[in-house]
Amino acid sequence: MEMAWVWTGMVTLSLLFGLLSGNLDAVASAALDGARSAIELSLSMAGILCLWSGVMEIMNACGISAGLAKMFRPLLRFLLPDACRDAETLAAVSANVSANLLGLGNAATPLGIRAARRMARGCGGVASDELCRLVVLNTASIQLIPATIASVRAAAGCKTPFDILPAVWLASVLSVAAGLLAAGLLSRWRRRP
C-alpha cells in the first residue's frame, strides 16, 4: 500500500512541475514512451527468462541441480548447523542456494521462503541467528550464471551480455562474505552482556 502512495506522489509531482514549467506535453510524451519501453523490455526479458528456467528444469531432470546442492551441503551444515538437522529444511536451503548460483532468483525465492518458514518454527517471533544467515545467503547470493542480469543486458541490446561474469563473481563473493561477517558480528554483539 505504501508503494501506491509513493507512485501516486511521483506522478502528481511530475504533472504539477510539468504544468508549472509549461512542459505538460513533454511529461505526457515521456510517460507514454516510458510505458512503451517497459513493455518492450518485459517481453524481451520474458523469453530469456523462459530459456533459463527451461535450462534449470533440464538440470533438475538430469540431476545436476541435486549434485550442486549435494556439493554445498557441507558448507551449509557449517553455516546452518541446527537447520541442517532437518532433511527437508536442508533440501530447501540447498535448492535455494543452487537456484541462486544459476542466477534464477525467481526460482530461488519460493525455496528460500519454504526454508525460512521451517527454520522460524519455535523462534517465538524473533529471527534466530541461522535464519538471519539464510536471509544473507539468499539476498547476497553468489551467482555463477547471472541469468537475470544477462537477460536485461540482452534485452537492452548488448551483444555480449555475459561479459560481466568476472565482475559478478567478485561482487557476489564479496557481498556474501560481508553479509555473513556482519551477521556474525551482530550476533556476537547481541549476545554480549
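The values are calculated or read from the model by the stated rules, or taken from the named source; none is laboratory data. Quick caveat: nothing in here was measured; it's all calculated off a predicted structure. Here Cβ is always computed from backbone atoms with ideal geometry, including for glycine, and neighbour counts include all displayed protein chains. Accessible surface areas use protein heavy atoms only, side chains included; no ligands, DNA or RNA. Shrake-Rupley method; radii C 1.70, N 1.55, O 1.52, S 1.80 Å.
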Going through segment 146-160 one residue at a time, which ones are open to solvent by 30 Å² or more (accessible area, probe 1.4 Å), without any contact (Cβ under 8 Å) to a residue 60 or more places away in the chain and not in a helix (DSSP H, G or I)?
Gly157, Cys158, Lys159, Thr160
Looking at segment 164-181, which of its residues are free of Cβ contacts under 8 Å to residues at least 12 places away in the same chain and surrounded by 12 or more Cβ atoms within 10 Å (Cβ to Cβ)?
Ala171, Leu174, Ala177
Would you mind stating whether Val27 is over 30 Å from Ser128 (Cα atoms), assigned to a helix (DSSP H, G or I) and either aromatic (Phe, Trp, Tyr) or open to solvent by 50 Å² or more (accessible area, probe 1.4 Å) (or both)?
no
Unmet requirement for Arg118, which otherwise passes all of (1) closer than 23 Å to Leu185 by Cβ; (2) at pLDDT 80 or above; (3) not polar (S, T, N, Q):
(1)
Identify, from the list Arg73, Arg117, the residue that is among the charged types (D, E, K, R), open to solvent by 50 Å² or more (accessible area, probe 1.4 Å), assigned to a helix (DSSP H, G or I) and over 23 Å from Leu170 (Cα atoms).
Arg117
Please determine whether any residue of segment 62-72 is within 20 Å of the chain's Cα centre (by Cα), of a type outside the set (Asp, Glu) and more than 27 Å from Gly184 (Cβ to Cβ).
yes
Counted residues in segment 48-70 being modelled with pLDDT of 75 or more, assigned to a helix (DSSP H, G or I) and not charged (D, E, K, R) come to 7
Anything in segment 76-104 that is of a type outside the set (A, V, I, L, M, F, W, C) and open to solvent by 30 Å² or more (accessible area, probe 1.4 Å)? List them, or say none.
Arg77, Pro81, Asp82, Arg85, Asp86, Glu88
Criterion: of a type in the set (Val, Ile, Thr), over 30 Å from Ser37 (Cα atoms) and in a helix (DSSP H, G or I) - qualifying residue of Val97, Val168, Val126:
Val97
